[in-house]
Amino acid sequence: MDIPKLKQGLREDLSDILERSRFVERQKLAQSNAVHRLTRAEAIATAANLHELLGWIPELCVETTGQTKATAINITATVTGAETISITGLVAVPGDLLSADFDALEHPTYVLLDEFSGDSRPIESREALSLALFEGFTRSYRERYEFVLTDPVLREKAILKAGHLDDE
């Protein structure tokens, strides 16, 4: 038995495993950085537009959250404090990301999520995503607000008061 040779072979095998592990981690970091670079600024710009449009609504929250292949934009608010109205869109990286050339990623895709079915609908541009999120959110908010105002008990719990509707 050649102990030095066996020992050296094991060291080389373990060294190769360690190097492959480091390579995978570097690739994961490069992928994460590329997704962040490509989606984050677009999502923040979309969120800023939505906050400008809707920021006057009490208890409204517009936030962005990074995901593996996308950055989500979520709008939430409540009409009475008891339930939440929510809508989500994504600025995503197209494709399978199996490429190692993450610098070649140039154009994100935009997606509107359906909260009930989990389906997604492609949107043409950042502006179109902002508009789709705005329209979807305001449709739900209007419906819930109208329902709340028809019930005297719920009307007292309504967070949006006449003072919020005055022009700034």
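The values are calculated or read from the model by the stated rules, or taken from the named source; none is laboratory data. Every value quoted in this text rests on a predicted model; they were computed, and no experiment measured them. Positions of Cβ are generated from backbone atoms using ideal geometry, with glycine treated the same way; all protein chains shown enter the neighbour counts. Heavy atoms of the whole protein, side chains included, go into the accessibility calculation; ligands, DNA and RNA do not. Shrake-Rupley method; radii C 1.70, N 1.55, O 1.52, S 1.80 Å.
Where the accessible area of the chain is counted over protein heavy atoms with a 1.4 Å probe, how much of it, in %, is carbon and sulfur?
Values: 6030 of 11090 Å².
Its accessible area is 54 percent carbon and sulfur atoms.
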query: Stretch residue 41-residue 27 to full length: gain in nm at 0.36 nm per residue minus the Cα-Cα span?
result: 2.9 nm
field: Cα-based helix-to-principal-axis angle, 126-150 vs the chain, degrees rounded to 10
entry: 40
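Please report the net charge: other residues with Cβ closer than 15 Å to the Cβ of residue 140, K and R +1, D and E -1.
Neighbour charge sum, excluding residue 140 itself: -4.
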task: Please report how far the C-alpha centroid of segment 1-22 lies from that of segment 37-59, rounded to the nearest whole angstrom.
output: 52
message: Please check: in the Gaussian network model of the chain (C-alpha springs, under 10 Å), which one of 38, 29, 131 has the largest mean-square fluctuation.
response: 29
- prompt: Could you work out the helix-only [θ] at 222 nm for the chain, with each DSSP H run of four or more residues adding -39,500 (n - 2.57) and the total divided by the number of residues, to the nearest 500 deg cm²/dmol?
  reply: -17500 deg cm²/dmol
task: Report the extension gain between residue 155 and residue 125 in nm, rounded to one decimal, defined as 0.36 nm multiplied by the number of residues separating them, less their alpha carbon distance.
output: 7.0 nm
Rounded tilt (10° steps) of 3-54 against the dominant C-alpha axis of the chain: 20
- prompt: Does a label point 7 Å from the Cα of residue 143, set along Cα-to-beta-carbon, have any residues of segment 62-79 with amide nitrogen under 19 Å, and which are they?
  reply: 75-79
message: Please compute the length gained on full extension between residue 51 and residue 114, using 0.36 nm multiplied by the number of residues separating them and subtracting their Cα-Cα distance.
response: 20.6 nm
- request: Could you check the simple spin-label distance between residue 10 and residue 166, using points 7 Å along Cα→Cβ, in nm with one decimal?
  value: 8.0
message: How much accessible area per residue does segment 13-81 have, counting only protein heavy atoms and a probe of 1.4 Å, in square angstrom?
response: 57
task: Quickly work out the residue 17-to-residue 135 label distance, labels modelled 7 Å from Cα along the C-beta direction, and quote it in nm with one decimal.
output: 5.6
